[in-house]
Amino acid sequence: MYEVTAAERDQFEKLGFFTRPGQFSATELEEIRAAAESAHQRVLEAAERGESGEVDQVDNQKYQDVLGSTIKWEWDDDLRAVRSMEPVFQLEKRLGAVIDDPRLWKPCADIIGCSELSLFSDKLNVKRPGGAPFPWHQEGPYWAYGAEDLERVVTLILYLDDATVDNGCLWIIPGTHRYGALESLKDRGTLGRLYTDVDRLEEKPLAMDLPAGSVAYFHRDIVHGSQTNRTDQNRRAYLLAYQPSGLRQWRNREHREIRTDSLPA
Ligand SMILES: O=C(O)CCC(=O)C(=O)O
């Protein structure tokens, strides 16, 4: 069940991604969004009480460790909101169940060619109204600083809200995974080294504007990014990356095996 089809595999190889709309029901999405909001609230309260690490400022981005999660704050100080949290499943049981959901891990297992998996990363992107853009980048060069088997990491985005061009859906540049690590931006501070210089690319960007509950599976080297949320609604997404069994997570170096016995017969 949930196997990758020949057409999906072909598209993944040629273009670096494939999508599956409507994978999660409205009820499931309500539960997952509630878990995401609860994790967000716990993080805010812990930070308010000072139960957090030092703020690490890199260029205009602020990072802080709170409750075992690396928090990236929105860079606008008036918007006291979390932009992303990674890892986050340790804060909410329901998020752990999402990680073990075969609708998410099985297609990745097929692409990797490995039946037993472990978690590489889980990240909640909480894009509030006004939430900031994410410049063009590839995950591969960034993850290279910690992955134990980078070649066999497959990633996905699960939209928790409808994602549109206006609310800052993910954009990808199809086919760019074939180039491996591309040139990064020059003279753009420390983080510029993680952002891709797209000026010389001929491929055209494609908006991943999909309804809530849809999943886009993509290659670690595909160039992707997103724009500001220009609406008054949230655009939340859960990003997961899987790797073969027995390897450590990216951020905290801990093991989290995937419960592959959850696959229905
Ligand atoms: O969720 C987004 O807007 C961008 C996500 C992304 O590219 C990332 O977190 O690596």
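Output the strands (runs of 3 or more DSSP E) that fall wholly within the range 201-265 and possess 1 or more residues being within 16 Å of the ligand (Cβ to nearest atom) and charged (D, E, K, R), or say none.
Working: elements: 215-219, 223-226, 235-244.
Those strands (runs of 3 or more DSSP E) span 235-244.
Being more than 14 Å from MET1 (Cα to Cα), basic (Lys, Arg) and surrounded by 19 or more Cβ atoms within 10 Å (Cβ to Cβ) is the filter; apply it to the range 81-127 and report the residue that is farthest from the ligand (Cβ to nearest atom).
Looking only at the range 81-127, we keep the residues that are more than 14 Å from MET1 (Cα to Cα), and these are 81-100, 111-114, 116-127.
Adding the requirement that they be basic (Lys, Arg) leaves 83, 93-94, 123, 127.
Subsequent filtering for residues that are surrounded by 19 or more Cβ atoms within 10 Å (Cβ to Cβ) retains 83, 123, 127.
Details: ARG83: 9, LYS123: 6, LYS127: 6 Å.
Only one residue fits best here, namely ARG83.
Please list, ordered by first then second residue, the pairs with beta carbon atoms under 7 Å, 6 or more apart or interchain, first in the range 125-137 and touching a residue at least 12 places away in the same chain (Cβ under 8 Å), second aliphatic (A, V, I, L, M) and near the ligand (Cβ under 9 Å from one of its atoms).
ASN125/ALA237; ASN125/LEU239
Can you find a residue in the range 144-164 that is closer than 22 Å to ARG235 by Cβ, within 12 Å of the ligand (Cβ to nearest atom), in a helix (DSSP H, G or I) and not hydroxyl-bearing (Ser, Thr, Tyr)?
no
Take the residues in the range 1-12 that are in contact with a helix residue (DSSP H, G or I) (Cβ under 9 Å, 6 or more places away or on another chain) and outside any loop (DSSP other than H, G, I, E, B), then tell me which one is nearest to GLY213 (Cα to Cα). Outline the logic, then answer.
Taking the range 1-12 first, the residues in contact with a helix residue (DSSP H, G or I) (Cβ under 9 Å, 6 or more places away or on another chain) are 1-4, 8-9, 12.
Now restrict to residues that are outside any loop (DSSP other than H, G, I, E, B): 8-9, 12.
Working: GLU8: 18, ARG9: 21, PHE12: 20 Å.
Of everything passing the filter in the range 1-12, GLU8 is nearest to GLY213 (Cα to Cα).
I'd like the residue in the range 165-200 that is closer than 19 Å to THR19 by Cα and in contact with a helix residue (DSSP H, G or I) (Cβ under 6 Å, 6 or more places away or on another chain) and, out of all such residues, is farthest from the ligand (Cβ to nearest atom).
The qualifying residue farthest from the ligand (Cβ to nearest atom) is GLY175.
The numbers here are math on the coordinates, done by the rules we state, and not lab data. All of these numbers come straight from a predicted model, not from anything done at the bench. Backbone-built Cβ (ideal geometry, glycine too); neighbour counts: all protein chains shown.
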